[in-house]
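Below is one structure; the comments refer to it alone.
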Amino acid sequence: MIGKKIKGVSADQAAGCIFGYTCGNDVSERDWQKGDLQWWRAKRADTFGPLGPAIAVGLDYKASRLQTRVNGEVKQSQFLSDLLFDPATVVSHASRCVTLYPGDVIYTGTPGSTSALKPGAPLRWG
C-alpha cells in the first residue's frame, strides 16, 4: 500500500513510499481469459479482488513467506524474496505511468506458481 503521493520516483525513493503490505487475490476466470481479447473481465468481475484484512507496516518482505490455502489445504508457500521484481521496483515502474496516492494498492503478482480454483466446497477465509 502506498503511503504518500508520488510520481516518477526511482526504486530507491519508492522503497520509502511503501506504507505497508497486505494480501490480495486477483482472482482470474480462466475460461474468460482464454476467450477474451483483453483480461479485464477475467480479472475484474465483482468479488474478484479480495484484499486484506490487515496491513503489515515495517515488514521485511525479503524474510516473509506467502502461504495461501483453499479450504485449509496449502496451495502455495513461497518466500516474497522470490518475486520476479521487488516491490520498490514495481512501485517505481507504476509511478512512471500514473500518480500514486496514499492508500493505492498494487498487486505485484505472486512468487512461485498458482492453480485454478475449482467448483466445490465453499471457500473459508481466515
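The values are calculated or read from the model by the stated rules, or taken from the named source; none is laboratory data. If you're wondering where the values come from, they're calculated on a predicted model, not measured in any experiment. Backbone-built Cβ (ideal geometry, glycine too); neighbour counts: all protein chains shown.
Return the total of residues in region 42-72 being of a type in the set (Ser, Thr, Tyr), surrounded by 11 or more Cβ atoms within 10 Å (Cβ to Cβ) and at pLDDT below 90. Let's see the steps before the verdict.
Of all residues in region 42-72, those of a type in the set (Ser, Thr, Tyr) come to 47, 61, 64, 68.
The next check asks that each one be surrounded by 11 or more Cβ atoms within 10 Å (Cβ to Cβ); those that pass are 61, 64, 68.
Those still in the list that are at pLDDT below 90 too: 61, 68.
Looking only at that region, the number is 2.
Out of all the residues in region 73-91, is one or more outside any strand (DSSP E or B) and without any contact (Cβ under 8 Å) to a residue 12 or more places away in the chain?
Filtering region 73-91 down to residues outside any strand (DSSP E or B) leaves 80-91.
Of the ones still in play, those that are also without any contact (Cβ under 8 Å) to a residue 12 or more places away in the chain are none.
No; the residues of region 73-91 include none that is outside any strand (DSSP E or B) and without any contact (Cβ under 8 Å) to a residue 12 or more places away in the chain.
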Problem set entry | Selected residue [closer than 15 Å to residue 1 by Cβ and assigned to a loop (DSSP other than H, G, I, E, B)] from 119, 102, 111 | 102
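Can you pull out every residue in region 4-33 that is part of a loop (DSSP other than H, G, I, E, B) and either over 19 Å from the mean Cα position of the chain (by Cα) or over 15 Å from residue 90 (Cβ atoms) (or both)?
Applying the first criterion (part of a loop (DSSP other than H, G, I, E, B)) to region 4-33 yields 4-5, 7-10, 16-17, 19-20, 22-23, 25-29.
Correct list: 4, 5, 7, 8, 9, 10, 23, 25, 27, 28, 29.
Condition first: of a type in the set (Phe, Trp, Tyr) and either touching a strand residue (DSSP E or B) at 6+ places or on another chain (Cβ under 7 Å) or assigned to a loop (DSSP other than H, G, I, E, B) (or both). Now tell me which residues in region 34-53 satisfy that.
First pass over region 34-53, keeping only residues of a type in the set (Phe, Trp, Tyr): 39-40, 48.
Matches in region 34-53: 39, 48.
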